[in-house]
Amino acid sequence: MAMEVRRRVPPPHGSAPRRQQATGGEGQRVRVQAGDALPLPIRHTNLIFSALFAASLVYLMRRWREKIRSSTPLHVVSLAEIFAICGLVASLIYLLSFFGIAFVQSVVSNSDDEEDFIIDSRHGQARAPPPPAPAAPCALLGSPAAAPEKMPEEDEEIVAAVVAGKIPSYVLETRLGDCRRAAGIRREALRRITGREMDGLPLDGFDYASILGQCCELPVGFVQLPVGVAGPLLLDGRRLYVPMATTEGCLVASTNRGCKAIAESGGASSVVLKDGMTRAPAVRFPSARRAAELKAFLEDPANFDTLAMVFNRSSRFGRLQGVKCAIAGRNLYMRFSCSTGDAMGMNMVSKGVQNVLDYLQADFPDMDVISISGNFCSDKKSAAVNWIDGRGKSVVCEAVIKEEVVKKVLKTNVQALVELNVIKNLAGSAVAGALGGFNAHASNIVAAIFIATGQDPAQNVESSQCITMLEAINDGKDLHISVTMPSIEVGTVGGGTQLASQSACLDLLGVKGANRESPGSNARLLATVVAGAVLAGELSLISAQAAGHLVKSHMKYNRSSKDMSKTLAEETDKPKKC
């Protein structure tokens with residue numbers, strides 16, 4: 001999900017007091033933070049209050065110890081002691097608000113998108129942020145500029161109002177309070193506007209309330225996809241049945257054959273090399289020198305703890321792992337990487353990055369934030385940075401396939417498989433200039449599992465980056481096969497994982513929801529399942545190609561046996577609907 005931030009007009013070059021930046025110009029709204037207590041950079045403010053707290057506490061403890069020894073009443077205090085008590089209370093309040101409030105809020109909050117209070121500098125009073133603007137509606141079904149009308153009671157009247165543009169389509173769920181009814185009215189309005197019946201698109205049988213505000217806007221129905229199961233996949237000692245949502249014939253059957261070959265050879269094993277989601281904002285400075293100064297600051301190990309503290313306020317599970325920077329002219333791209341628990345984590349890392357940008361603005365007031373995402377992340381695009389550094393879960397999965405299994409189940413031999421992999425997956429992909437595409441069809445399996453388990457299908461682009469390696473071992477008798485996938489982006493909470501069908505598929509794998517005992521382990525297990533299924537799919541397809549069975553299999557399983565001439569004749573004889 002792409003997230004953008006409001007462009008800020010950079011203040012004049014030079015150090016500006018933090019309070020002045022917090023109030024801003026007319027109508028500007030920013031967060032109120034504990035670090036705004038003094039017109040100083042936040043690290044200096046923290047140091048002052050920490051020193052005040054320690055000095056006050058030491059002084060009072062010594063004074064009270066002397067009073068106890070001399071039998072002086074504790075409630076009799078001097079002027080110096082009054083000042084020390086006030087300093088102790090003030091510094092304690094500051095330190096608690098700075099270090100404690102964000103953590104407490106993250107613990108008690110059930111939402112991954114906490115709201116902050118903001119200031120309207122024209123009135124100088126705190127107020128809650130306005131509700132977000134509605135998503136842009138379909139132009140045919142209502143304009144956001146349309147004047148709100150009282151909602152009619154009858155569906156027919158509402159449909160007519162939507163068609164006429166008097167009631168925007170996107171407000172139906174909110175104003176009717178019935179998501180199924182809203183989808184039906186929107187669908188009927190669309191039918192009248194376009195003249196298309198949409199008979200094949202089902203409307204009933206889906207929980208539209210479950211997608212409200214998070215999965216899909218302006219629904220008019222749902223698409224049915226068959227879900228097949230491949231397995232058992234014997235992976236790391238577990239017997240797993242892998243759900244795959246696809247409309248491609250042979251895909252589930254082929255993956256199932258690979259699972260059989262792996263199981264009969266003793267199973268596969270996997271290892272997660274990295275686990276970290278990335279977000280890379282783009283900022284601009286007046287000069288390349290200033291951009292280089294921020295780059296040096298961010299990559300200095302001495303500053304990491306401070307950056308991590310600021311970043312980690314946003315979530316219980318988001319923990320900063322590192323920052324990698326790149327410069328193009330006076331533009332700086334900062335690639336933040338963080339752990340995200342069992343969530344895929346795009347929103348989590350984006351919130352942490354926004355916290356850091358707000359913090360950096362105090363010491364780099366001439367920094368102009370162009371976008372929260374500058375494509376150095378890189379999300380939903382094929383990019384070398386993901387192939388080299390990884391994004392999400394970086395997984396390697398391997399297995400040793402016995403010679404007799406290669407002959408009996410895969411119908412080929414080890415030498416033919418090794419030779420085909422070198423010529424096709426390695427050399428052929430190199431000739432094509434592939435970027436992470438050194439495999440037979442990894443994206444086939446990744447896409448099918450992603451759709452079945454509620455992942456973001458668009459992230460199949462980088463999640464399918466894979467290199468498949470085959471090698472003859474044990475004097476050429478057995479086959480060692482592995483897949484290395486550096487960017488598997490999956491989660492078991494959030495997004496589409498909560499929908500009934502997708503949740504059932506996750507439950508089938510035993511990774512539904514968050515793992516309370518070991519946060520992040522469910523998402524990592526799902527990533528290894530994806531890699532294991534890809535291993536099975538690669539093994540089967542390469543074997544089919546080596547044996548020359550690919551076309552024959554697709555003609556048998558991926559082509560309808562229906563007599564199309566009769567079907568066309570029947571369609572021609574059907575009476576046409578008006």
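So, Tyr359, is that one on the phi < 0 side of the Ramachandran plot, aromatic (Phe, Trp, Tyr) and open to solvent by 20 Å² or more (accessible area, probe 1.4 Å) or not? The answer is no for Tyr359. Of the residues making up the stretch 283-311, those that are hydrophobic (A, V, I, L, M, F, W, C) and over 13 Å from Val356 (Cα atoms) are Phe285, Ala288, Ala291, Ala292, Ala296, Ala302. When Gly231, Gly213 are screened for being on the phi > 0 side of the Ramachandran plot and not in a loop (DSSP other than H, G, I, E, B), only Gly231 passes. Among the residues here, Ala432 does not qualify as under 23 Å from Gln214 (Cβ atoms) and open to solvent by 10 Å² or more (accessible area, probe 1.4 Å). Could you please find all residues in the stretch 325-338 being buried (at least 18 other Cβ atoms within 10 Å of the Cβ) and either within 16 Å of Val369 (Cβ to Cβ) or of a type in the set (Gly, Ala, Ser) (or both)? Within the stretch 325-338, Cys325, Leu332, Tyr333, Met334, Arg335, Phe336, Ser337 qualify. Inclusion of Pro232 among residues that are within 30 Å of Leu525 (Cα to Cα) and either acidic (Asp, Glu) or loosely packed, with under 13 Cβ neighbours inside 10 Å (or both) is not warranted.
Modelled with pLDDT of 90 or more, surrounded by 14 or more Cβ atoms within 10 Å (Cβ to Cβ) and among the hydrophobic types (A, V, I, L, M, F, W, C), is that true of Leu550? Answer is no for this residue. Which of the residues belonging to the stretch 186-215 are closer than 20 Å to Gly496 by Cβ and hydrophobic (A, V, I, L, M, F, W, C)? Matches in the stretch 186-215: Leu201, Leu203, Phe206, Ala209, Ile211, Leu212, Cys215.
Every test in (1) outside the structural domain of Ala448 (by the TED database); (2) part of a loop (DSSP other than H, G, I, E, B) is passed by Asp305 save one, and that test is (2). For Met334, the test of being more than 22 Å from Phe450 (Cα to Cα) and touching a residue at least 40 places away in the same chain (Cβ under 8 Å) is passed. Among the residues of this structure, Val369 does not count as one that is of a type in the set (Val, Ile, Thr) and closer than 24 Å to Thr255 by Cα.
When residues in the stretch 354-364 are screened for being within 21 Å of the chain's Cα centre (by Cα) and of a type in the set (Gly, Ala, Ser), 0 of them pass. Counting residues in the stretch 510-519 that are modelled with pLDDT of 90 or more, outside any loop (DSSP other than H, G, I, E, B) and either among the charged types (D, E, K, R) or open to solvent by 10 Å² or more (accessible area, probe 1.4 Å) (or both) gives zero. For the stretch 148-170, the set of residues classified as in a helix (DSSP H, G or I) and among the small types (Gly, Ala, Ser) consists of Ala160, Ala161, Ser169, listed by residue number.
Scanning the stretch 456-498 for residues that are surrounded by fewer than 20 Cβ atoms within 10 Å (Cβ to Cβ), of a type in the set (A, V, I, L, M, F, W, C) and in contact (Cβ under 8 Å) with a residue 60 or more places away in the chain yields Ala458, Ile473. Taking Leu332 as the residue in question, decide whether it is in a strand (DSSP E or B), farther than 30 Å from Glu403 by Cβ, at pLDDT 95 or above and not assigned by the TED database to the domain that holds Gly237. When the stated conditions are applied, Leu332 passes them. Exactly one residue out of Gly318, Gly322 is open to solvent by less than 10 Å² (accessible area, probe 1.4 Å), of a type outside the set (Lys, Arg) and within 22 Å of the chain's Cα centre (by Cα), and it is Gly318.
As a summary of the residue check, Gln214 satisfies the conditions (1) of a type outside the set (Asp, Glu); (2) modelled with pLDDT under 95; (3) over 29 Å from the mean Cα position of the chain (by Cα) except for the one numbered (3). The set of residues in the stretch 259-277 that are in contact with a helix residue (DSSP H, G or I) (Cβ under 7 Å, 6 or more places away or on another chain) and either more than 30 Å from Arg239 (Cα to Cα) or open to solvent by 20 Å² or more (accessible area, probe 1.4 Å) (or both) comprises Glu264, Ser270, Val272, Asp275. Candidates in the stretch 365-421 are the residues that are within 16 Å of the chain's Cα centre (by Cα), open to solvent by less than 30 Å² (accessible area, probe 1.4 Å) and among the hydrophobic types (A, V, I, L, M, F, W, C); of these, the one that is nearest to Leu479 (Cα to Cα) is Cys377.
The values are calculated or read from the model by the stated rules, or taken from the named source; none is laboratory data. All of these numbers come straight from a predicted model, not from anything done at the bench. Note: ideal-geometry Cβ built from the backbone for every residue, glycine included; neighbour counts use all protein chains shown. The area values use the complete protein model at the heavy-atom level, side chains included, leaving out ligands, DNA and RNA. Shrake-Rupley method; radii C 1.70, N 1.55, O 1.52, S 1.80 Å.
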